[in-house]
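The values are calculated or read from the model by the stated rules, or taken from the named source; none is laboratory data. All figures in this text were calculated on a predicted structure; none of them were measured in a lab. Cβ placement follows ideal geometry from the backbone for every residue including glycine, while neighbour counts extend to all protein chains displayed.
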Amino acid sequence: MSTIVVEPLARVEGHGGITVELEGDTLKSVRFDVLEGARLLETLVRGKRYDEVAPILSRICSICSAAHTLTSLKATENAFGIRVSPQTELLRELLFRGESIESHALHLFLLAAPDYLNYPSAIALATDKPAAVTLGLRLKKLGNQIQETIGGRAVHPVNAIPGGFGRVPAFDQLIALRSSLMQGASDTDAMIDLIASLPAADFCHSDTLFAALRSPHLDSYYSGDEVMLLSDGSRAIVPAAEYRTFTAETSVPHSHAKHSTFRGTPFMVGALARLTVNPRRLTGRLAVAMKRLKLVLPADNPMDNNKAQALELQNDVDRALEIIEQLLREGVKDERPIPVQPRAGTGTAITEAPRGLLVHSYTYDDEGRVLAADVITPTAMNAASMELHFRRTVEQCAERDDATISRRLQMVARAYDPCISCSVHLVRKA
Amino acid sequence: MSKPTVGIFGLTGCAGDQLTILNCEDRLLDLVALIDIRDFSMASSLNNEECPLDVALVEGAVLTSHDAEYLKAIRKRSKTLVAIGTCAVWGGVAAMDRGADRGKLLEEVYGEAGRGYDSVPAQALHEVVPVDLNISGCPIEKEQFLAAIAALLNGDPPIYPEYPVCTECRMRENNCLLIERGELCCGPVTVAGCNARCPDLRVPCVGCRGPVNDANAASLAAVFAEKGFDRAQVAARLRTFAPEEVTA
């Protein structure tokens, strides 16, 4: 029996590892280990008032903190029957885009790209290819500029509160954003060229079940109340309130972790799943970029999640620019948040965080204090699918040397862009 | 002179302080030119996990026995240990109810297996090892971080504000959320350095930077009482990011 251990899994958020056990050439077991401490934040918000919940639960994860904040607010507003204004919806969508731009740029340039080019880090890459790294940093900064302008801070946004925003952005801030986004739109062309030029990563093929929010508009990370699960030949639609149907925890024999499956099948969430479930958005400039990236949907290679993120990064910049233009055209009203009238009940929200589906569900008492909170994160949902793809990677690796297997496993893990601080809220190693 | 060796580490937390370092986009390449980063697993897959370090930057709180051992090993190899972020400095959100029955909560979230997990009540770094410098904030403020690094490189002691968020808020000429609008704002008891980020957006301060030293607790208690806030509610809110026993 031989064992391959990757620990710590570097260039990801949080603390995790991969363990593979082989007997001769036969694969015995594969495990995605979550080594993060348990902060138990879902239990710590019990008894807290509705306005304290988002600031506490955003701390689950920094990279996804805007998604956690906005999903939390939406769950609370759903529980109280609050409908926010169209302007608030638009500003929240813009904040989501900002986070996605920052997160995808961080992942593509600083975490994933060094693998393809055989560098240990973007810092090392910058010595030889400074233009590539500064391009990535410029796009990353653009995402943060949006988050700072709309959310009030790049990490753990403070301006988004129940019912709306503390203060809406000023005209000159929107003009400044527009100018950065125009530079960004041309940067994303260079970004697509760069990602298209990376060597192919073709060592893991697998039938995959994809799950993403079905968006009523052309594309949205924030509006939508149904999840679609799609694989070759079958599809299912699950309403938000029934999220437990696809996040039902199943014990798996090879570890003490519990995994999300849909009717026994692991599923993948994130950029690739979003593009697969909502293919209508793949027109115009995006379709051209997709051709340059040689991405064909539905994909059977999880590494294609990197290409999907590149497409989304371009789309996010274009969509953010459209939103800014609309805000400038229509003018931003100095709206105050909708007054909150707490009532007893449960509210659930499902959105698309940068890494995929995110669920927050709360039950409140009649004074607006939390009785129960449930948070299910994209990396927790992805854990079973990651293990499936680790397994396929090892099975399909003709070279049986540990270094090659380890390198490929790390690349597959990073393609999922795992956020392990988040994942601890469902899956844990014993 | 050779460049100072630096390690950047995360214990249990959200990685928001390491992310804030990476968010110094305009300065990042200048920064890495001045220091020799030897161990930073969030950004690099080639790390020296044993070499001596001039400076260790550590974020997150101690929430497992592994965290505690790891922190002690970092302390042992580092000349200067800097706690970055409110979790490292004060314990942070995970420390808000340290008296709770942990086994019971673990079982509730993770099922019966949860009782066997490596899990301890959240501790700030200074409760486990000596800390040389604290930079609080949830997350840390970019400019404050860069100024602290510049000071360390030059051998100067970093200078931090020792007054509350209120002072910064008044300098920005904001209407007072507590006095004028009766909102539960933690600005008077929270250490400044964020330029009153939240109250400037008409959002009450939640105290994410941790407490200020010289807060006049007695007179504040009177103000909160006058505004009709229940004492327990105020105390719980003030302690969301920094439990009382850590601050005392």
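Within the set B:Asp118, B:Asp97, B:Asp67, the sole residue that is under 18 Å from B:Glu244 (Cα atoms), within 10 Å of another protein chain (Cβ to nearest Cβ) and not polar (S, T, N, Q) turns out to be B:Asp97.
Search segment B:213-224 for residues being touching a helix residue (DSSP H, G or I) at 6+ places or on another chain (Cβ under 7 Å) and either part of a helix (DSSP H, G or I) or crowded, with 21+ Cβ neighbours inside 10 Å (or both), and hand back the single one that is modelled with the highest pLDDT. Filtering first and then ranking leaves B:Phe224.
Can you report the number of residues in segment B:147-165 which are farther than 16 Å from B:Asn134 by Cβ, part of a helix (DSSP H, G or I) and either in contact (Cβ under 8 Å) with a residue 40 or more places away in the chain or among the polar types (S, T, N, Q) (or both)? Full working, then the answer.
First, pick out the residues of segment B:147-165 that are farther than 16 Å from B:Asn134 by Cβ: B:150, B:153-156, B:163-165.
Now drop any that are not part of a helix (DSSP H, G or I), which leaves B:150, B:153-154, B:165.
Filter once more, so that each one left must be either in contact (Cβ under 8 Å) with a residue 40 or more places away in the chain or among the polar types (S, T, N, Q) (or both): B:153-154, B:165.
Qualifying residue count, segment B:147-165: 3.
Taken as a whole, the condition of being closer than 27 Å to A:Thr43 by Cα and buried (at least 24 other Cβ atoms within 10 Å of the Cβ) does not apply to B:Ala100. Of all residues in segment A:24-39, those that are buried (at least 22 other Cβ atoms within 10 Å of the Cβ), within 11 Å of another protein chain (Cβ to nearest Cβ) and farther than 16 Å from B:Lys104 by Cβ total 3.
Residues are listed down the side, and each one gets a yes or a no for (1) among the polar types (S, T, N, Q); (2) out of contact with any Lys or Arg (no Cβ under 7 Å at 6 or more places or on another chain):
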residue: A:Ala124; (1), (2): no, yes
residue: A:Thr127; (1), (2): yes, yes
residue: A:Leu139; (1), (2): no, yes
residue: A:Glu148; (1), (2): no, yes
residue: A:Val158; (1), (2): no, no
residue: A:Arg167; (1), (2): no, no
residue: A:Ser179; (1), (2): yes, yes
residue: A:Met191; (1), (2): no, yes
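Only one of these is within 8 Å of another protein chain (Cβ to nearest Cβ), in contact with a strand residue (DSSP E or B) (Cβ under 8 Å, 6 or more places away or on another chain) and among the acidic types (Asp, Glu): A:Glu7, A:Glu42, A:Glu21. Name it. Outline the logic, then answer.
Details: A:Glu7 fails: within 8 Å of another protein chain (Cβ to nearest Cβ); A:Glu21 fails: within 8 Å of another protein chain (Cβ to nearest Cβ).
None of the others qualify; the one that does is A:Glu42.
In summary, B:Lys79 fulfils each of the numbered conditions (1) more than 9 Å from chain A (Cβ to nearest Cβ); (2) at pLDDT 95 or above; (3) buried (at least 17 other Cβ atoms within 10 Å of the Cβ) with the single exception of condition (3).
Among the residues examined, B:Ala150 does not qualify as within 24 Å of B:Met96 (Cβ to Cβ) and among the small types (Gly, Ala, Ser). Counting just the residues of segment B:100-115 that are within 7 Å of chain A (Cβ to nearest Cβ) and either of a type in the set (A, V, I, L, M) or under 23 Å from B:Leu238 (Cβ atoms) (or both), which one comes out farthest from the chain's Cα centre (by Cα)? Filtering segment B:100-115 for residues that are within 7 Å of chain A (Cβ to nearest Cβ) and either of a type in the set (A, V, I, L, M) or under 23 Å from B:Leu238 (Cβ atoms) (or both), the one farthest from the chain's Cα centre (by Cα) comes out as B:Ala113.
Of B:Leu53, B:Leu34, B:Leu57, B:Leu11, all but one fail to be facing chain A (nearest Cβ under 9 Å) and either of a type outside the set (D, E, K, R) or in contact with a helix residue (DSSP H, G or I) (Cβ under 7 Å, 6 or more places away or on another chain) (or both); the exception is B:Leu11. Does A:Ala126 meet the test of being without any contact (Cβ under 8 Å) to a residue 12 or more places away in the chain, under 15 Å from A:Leu194 (Cα atoms), within 12 Å of chain B (Cβ to nearest Cβ) and out of contact with any Gly (no Cβ under 9 Å at 6 or more places or on another chain)? Against the criterion (without any contact (Cβ under 8 Å) to a residue 12 or more places away in the chain, under 15 Å from A:Leu194 (Cα atoms), within 12 Å of chain B (Cβ to nearest Cβ) and out of contact with any Gly (no Cβ under 9 Å at 6 or more places or on another chain)), A:Ala126 qualifies. Restricting attention to segment A:56-84, and to residues there that are in contact with a Gly (Cβ under 7 Å, 6 or more places away or on another chain) and outside any helix (DSSP H, G or I), which single residue is farthest from A:Glu330 (Cα to Cα)? Only one residue tops the list, namely A:Ser62.
Which residue, of A:Leu91, A:Leu95, A:Leu135, A:Leu108, is within 12 Å of another protein chain (Cβ to nearest Cβ) and either acidic (Asp, Glu) or not in a strand (DSSP E or B) (or both)? Give the steps one after another, and end with the answer.
On the way: A:Leu91 fails: within 12 Å of another protein chain (Cβ to nearest Cβ); A:Leu95 fails: within 12 Å of another protein chain (Cβ to nearest Cβ); A:Leu108 fails: within 12 Å of another protein chain (Cβ to nearest Cβ).
Among A:Leu91, A:Leu95, A:Leu135, A:Leu108, only A:Leu135 is within 12 Å of another protein chain (Cβ to nearest Cβ) and either acidic (Asp, Glu) or not in a strand (DSSP E or B) (or both).
Conditions: (1) more than 24 Å from the chain's Cα centre (by Cα); (2) under 19 Å from B:Ser45 (Cα atoms); (3) part of a helix (DSSP H, G or I). A:Asp115 meets all but one. Number of the miss? All conditions are met except number (1). When only residues in segment A:391-430 that are over 18 Å from A:Ala299 (Cβ atoms) and hydroxyl-bearing (Ser, Thr, Tyr) count, which is modelled with the lowest pLDDT? Out of the qualifying residues, it is A:Ser423. Selection of segment A:144-173 for residues being part of a helix (DSSP H, G or I), under 27 Å from B:Cys208 (Cβ atoms) and either touching a residue at least 60 places away in the same chain (Cβ under 8 Å) or touching a Phe, Trp or Tyr at 6+ places or on another chain (Cβ under 6 Å) (or both) yields A:Ile146, A:Gln147, A:Gly151.
Residues in segment A:58-74 that are more than 9 Å from chain B (Cβ to nearest Cβ) and within 24 Å of B:Asp97 (Cα to Cα) were compared, and the one that is farthest from the chain's Cα centre (by Cα) is A:Leu73. Scanning segment B:14-29 for residues that are within 7 Å of chain A (Cβ to nearest Cβ) and either crowded, with 24+ Cβ neighbours inside 10 Å or touching a residue at least 24 places away in the same chain (Cβ under 8 Å) (or both) yields a total of 6.
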